[in-house]
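A short write-up of the structure that comes next.
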C-alpha cells in the first residue's frame, strides 16, 4: 500500500485538539503572528470542555474579598497532596482571574453578584467561593466564546480530522499525520511546532463521565516520540456520577450540587461524610451538621462542610459506604438537595442537572434525592511539561490542559480544570509561537516514514484477522475498571498487564468492513493504539507507586509513604518498551512553602 | 425488549443511493435510542455512521429523526418511541445535506450561517483586566439563548430553508439574538448588531410558521426570538432598506386609504428609483394582467380616518 496519496498543509504552529486549551493556544499563537491550524477530531464546539458544569476557579475576590492567588495556590497544592508542580500551581493561581476577564472581553457573560460583578460559587477544596460560572453550563459558554473568537480571527480549523501520529525530523517534532473522518482521506501537516491539547484518556475505563474523544491520543502520541509522561497512576474518580439506569451509569453530577447546599446520605439517612475527615483536613472541616450548614452563609466563623472535601476523599468515602452495605439499591449513595433548598433556587442554579435527571432517570431533583457513585473523570498525570513554557521533553512539542501533567498533583480540585485550560493553553500557544518564529523551516516529512504510517493506518482494511475493535475496547474498559480501578492491588494489576498484552495482540488482528468514508469501526480500530498504550502506562505506574495518595489508592499499601511524597512517577517509552522511574519534584521556594503549611 | 431498528443508509462512496437497513436488537426497557444504535454498530454493522458525543444531552451532536420526529438519540428512551409498535425508524434531519447514513454536514449549518452573525465581541482596546458591571436583571433575556446546543433541530423544522437554503435560519438567528440583546452592546454597537441580523436572507425572511419553537430541545423559542428582534428593529429604525420601504409603504397605504394597495406596495418595496428592480417586476405584472389577477386600485374607504387614528395611537404607544 506504499505510495498512498495524502494532502499536505504547511503551518508554523499546529494545535491538536479544540477544547478550551487548544482553542486558547491557537488564539495565542495566531496573535503572536504565526500561521496556525487548530485540528479537532469531533465537531468544533463539541469537545469535552462543553460538558464542564461548575465553573472556572479564579481568585477574583468578588464574593470573598479575602480571596487572592495565595489562598488559591494553597488550596490547589493541598488538594493535590503537595505532589503538584509548585511553579505551575503558582502561575495558574496568579493568572486565572485575567483569563476569566478576557473571556468577557470576547463575548462571554457570567452570572452576576448583586453589585453586578462576576459571581463565584463554592466548590470542594476551595476555601472561598471562587468559581466564575454560568448556571451549571460554564463549559458551554467558555467553549462558545473561544470557538467564536477563533472564527473571528480567521484561524484555520480542521473539523472532524483525527491526528494519529507525530512526525519527527532531526529529533524535533515537525508535523503530524491523520485522516479526515468524513472522507477517510489522509492528511499531513508540516509545521515548526505542535501543541497537544487532546484531553485525557477516561475511555480506558468502563464507568466514566468522559465521551468517545477521550482515548488518550495526545499521551499516546507523545509517548511514541519519546516524551516523558508523569503520574499516570493518578486518576480522578469523581465522587458523584449517575448510577441508574445502567445506560447512563457514569454520567457526571456536578459538584455544584454540593456547592449549592446538597448533601450526601447513606441508605440509613446518615450524613456519613463526617466519619471520613482525614487528619490532613481536620483543622479546616466542620465536624457537626450545625457548623457545616452554617458555613454556606458564614465562611469566616465556620469550617467547611465535609461534603465538599476534595474529590478523592469523597469518592473513597462513598466506595467504603457501599462496601459496608449502606449503599442504595443500585450501588450508590444519595445526594439530596430537594430537602435543603427550594425548587426555584434549584432550577435557577442547576438547570442542566434538573433536565439530566428528569430526562435520563425520571427523577425530579427538586422533590427526590439523586443516586450517585464514583465515575472515572480526569487524569491528573500526563505529558511532562516545563511550568513556564509548557514545553514537553521533546523539541518542538508543547502540551496543555488535561493531556499535560503536573499542575494538579495527586488530585485535582473542581474548577481548576477550566482555569488550567485557559492559563496553560495561552502559555503553550505563546511558547510554541515563540519557538516557531525563531526556528528554521521544518524539513519536508520523510517520505519513507509517511509511507510507513499511512500503511499502518490503512492496515485494518487488509485481510489480517477477524477481531472486532468494539469488543477489544469493551474488554479493555472492563479490565481497567475491575483491576486498575478506584482501589488497586498488586496481584490484580499484574493480571491487568497480562490482559492488556492479549488485547494488543488482538488489536493487530482487527478487520473493519466497508469503505473509508465516515467509518466508525476503522476510527476505533486506530484509537485502540493510544487507548492500550495509555492503559499500559497507567497500570505500570500504579504498580510502581506502592502507597496511597490522592487519585491512587492501593489496598496492599493503604497509607501514604514519604518515599513517594516528593517524586513524580515517570513513564518513558524507549525501543518499544515502557520504563518507569521515580524522579524528584522541583524544590518549592521557602516563601511558598510557608503559604502551603500555614494553618487557617 | 426486542425492537426493530430501520436505519437510513446513504454512502456517496457507493453511489449515494438512499435506502433503509433493518436490524433486530435486544435492549433493556430503559435504554435510549442511542444505546440501540451503538449496539448495532458494535455487534452487527460497524460501518453504520452516526454522531454522538456526550451521551447526556449536553452537546447536541446526536440529532436524528426518530419515527420522523427530530430528537436527540441520547435522551430519547426506546420505550417512548415504541408505544405504537416495536419499530424505531432513524433518518437524518431535514434541511441539512447528508454526509453518510445519519451524519449531516455541520459546516453548512454551524459555521457558514452562525459565523455570518459575527457572534463575538471586539475588545475596544488593549486588554485591561477590569470588570464590566452588569445587573443580573439585564441578563434574563440573553441567559437562556446562551445555552444553545447548535444541534440543528430548529433549522430542521424551518419552512423557509427547503425553498431557500441560503436563508440564515432560526439557529443562526438565536445566535444573533444572544448578541443583539447583550446588555453590553449599546449605542453604535447595538446598531451594528441589528444591521448584522437584518442582512438579506436574515431576520426579515422568516415566514413566522413558529415550527422552530416546537423543535428546540432547550426550549429557547427561536421563532419568538426572531419576532422579538423585529420589535427591537422597529424601535431602532429598520436597517434593511428594502424591508424599511416595504414597512413604510404598508403603513402609509393603510393610513391614507384604509386599504393595502398591493401594486404600490410591490413597487415602493423595490424603490421607485430602482429601475432594474422595477423591470424585474414587469413579467409578473404582465402575467397577472393577462390572467385578470392584477389587483385593482383602491379608493379611500369609509372609516379610513378612524383607521388612521388607530395606527397613530399604536405608533405612539410603542
Is it the case, given these coordinates, that residue B:69 is under 25 Å from residue B:150 (Cβ atoms), more than 9 Å from chain A (Cβ to nearest Cβ) and surrounded by fewer than 23 Cβ atoms within 10 Å (Cβ to Cβ)? yes
I'm trying to understand the selection: among the residues of region A:355-389, which are under 15 Å from the mean Cα position of the chain (by Cα) and either within 14 Å of chain B (Cβ to nearest Cβ) or part of a strand (DSSP E or B) (or both)? A:375, A:376, A:377, A:378, A:379, A:382, A:383
Against the definition (part of a loop (DSSP other than H, G, I, E, B), within 14 Å of chain B (Cβ to nearest Cβ) and on the phi < 0 side of the Ramachandran plot), how does residue A:109 come out, yes or no? yes
Counting only residues that are in contact with a strand residue (DSSP E or B) (Cβ under 8 Å, 6 or more places away or on another chain) and more than 8 Å from chain A (Cβ to nearest Cβ), which one in region B:35-49 is surrounded by the fewest Cβ atoms within 10 Å (Cβ to Cβ)? B:44
Taking into account only those residues within region A:341-354 that are assigned to a loop (DSSP other than H, G, I, E, B) and surrounded by 15 or more Cβ atoms within 10 Å (Cβ to Cβ), which is nearest to the other protein chains (Cβ to nearest Cβ)? A:350
The one condition residue A:139 fails out of (1) under 30 Å from residue A:309 (Cα atoms); (2) more than 8 Å from chain B (Cβ to nearest Cβ); (3) free of Cβ contacts under 8 Å to residues at least 60 places away in the same chain is (3)
Take the residues of region A:435-448 that are in contact with a strand residue (DSSP E or B) (Cβ under 9 Å, 6 or more places away or on another chain) and in a helix (DSSP H, G or I): which is surrounded by the most Cβ atoms within 10 Å (Cβ to Cβ)? A:436
Taking residue B:6 and the conditions (1) out of contact with any helix residue (DSSP H, G or I) (no Cβ under 9 Å at 6 or more places or on another chain); (2) outside any strand (DSSP E or B); (3) farther than 24 Å from residue B:149 by Cα, which numbered condition does it fall short on, given that it satisfies the others? (2)
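A quick yes/no check of all residues on (1) in the same structural domain as residue B:312 (by TED's automatic domain parsing); (2) touching a residue at least 40 places away in the same chain (Cβ under 8 Å):
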| site | (1), (2) |
| --- | --- |
| B:198 | no, yes |
| B:208 | no, no |
| B:215 | no, yes |
| B:220 | no, yes |
| B:225 | no, yes |
| B:245 | yes, no |
| B:250 | yes, no |
Kindly indicate whether any position in region A:322-334 is within 15 Å of residue A:258 (Cα to Cα), in the same structural domain as residue A:256 (by TED's automatic domain parsing), at pLDDT below 95 and touching a helix residue (DSSP H, G or I) at 6+ places or on another chain (Cβ under 9 Å). no
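Determine, yes or no, whether residue A:88 is more than 10 Å from every other protein chain (Cβ to nearest Cβ), buried (at least 23 other Cβ atoms within 10 Å of the Cβ) and closer than 20 Å to residue A:30 by Cβ.
no
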Helices (runs of 4 or more DSSP H) within region B:128-221 that include 1 or more residues within 14 Å of another protein chain (Cβ to nearest Cβ) and modelled with pLDDT of 90 or more: B:140-145, B:169-180, B:187-197
The lone condition residue B:84 fails out of (1) away from chain A (no Cβ under 11 Å); (2) over 28 Å from residue A:526 (Cα atoms); (3) touching a strand residue (DSSP E or B) at 6+ places or on another chain (Cβ under 7 Å) is (3)
How many of the residues making up region A:216-249 are part of a loop (DSSP other than H, G, I, E, B) and in contact with a helix residue (DSSP H, G or I) (Cβ under 9 Å, 6 or more places away or on another chain)? 9
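Filter region B:279-297 for residues that are in contact (Cβ under 8 Å) with a residue 24 or more places away in the chain and either part of a helix (DSSP H, G or I) or surrounded by 11 or more Cβ atoms within 10 Å (Cβ to Cβ) (or both) and give the result. Full working, then the answer.
Initially, region B:279-297 is screened for residues in contact (Cβ under 8 Å) with a residue 24 or more places away in the chain, giving B:294-295, B:297.
The answer is B:294, B:295.
Take region A:163-202 and flag every residue that is within 14 Å of another protein chain (Cβ to nearest Cβ) and either within 25 Å of residue A:476 (Cα to Cα) or without any contact (Cβ under 8 Å) to a residue 40 or more places away in the chain (or both).
Residues of region A:163-202 that are within 14 Å of another protein chain (Cβ to nearest Cβ), as a first pass: A:180-185, A:199, A:202.
Residues satisfying the conditions are A:180, A:181, A:199, A:202.
Results for (1) part of a helix (DSSP H, G or I); (2) at negative phi; (3) at pLDDT below 90, shown as yes or no for each residue.
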position: B:233; (1), (2), (3): yes, yes, no
position: B:244; (1), (2), (3): yes, yes, no
position: B:247; (1), (2), (3): yes, yes, no
position: B:253; (1), (2), (3): yes, yes, no
position: B:256; (1), (2), (3): yes, yes, no
position: B:260; (1), (2), (3): no, yes, no
position: B:266; (1), (2), (3): yes, yes, no
position: B:272; (1), (2), (3): no, yes, yes
position: B:277; (1), (2), (3): yes, yes, yes
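The values are calculated or read from the model by the stated rules, or taken from the named source; none is laboratory data. Fair warning: this is a prediction, and the values are worked out from it, not measured in the lab. Because the Cβ atoms are built from the backbone with ideal geometry, glycine has one as well, and the counts that use them run over all protein chains shown.
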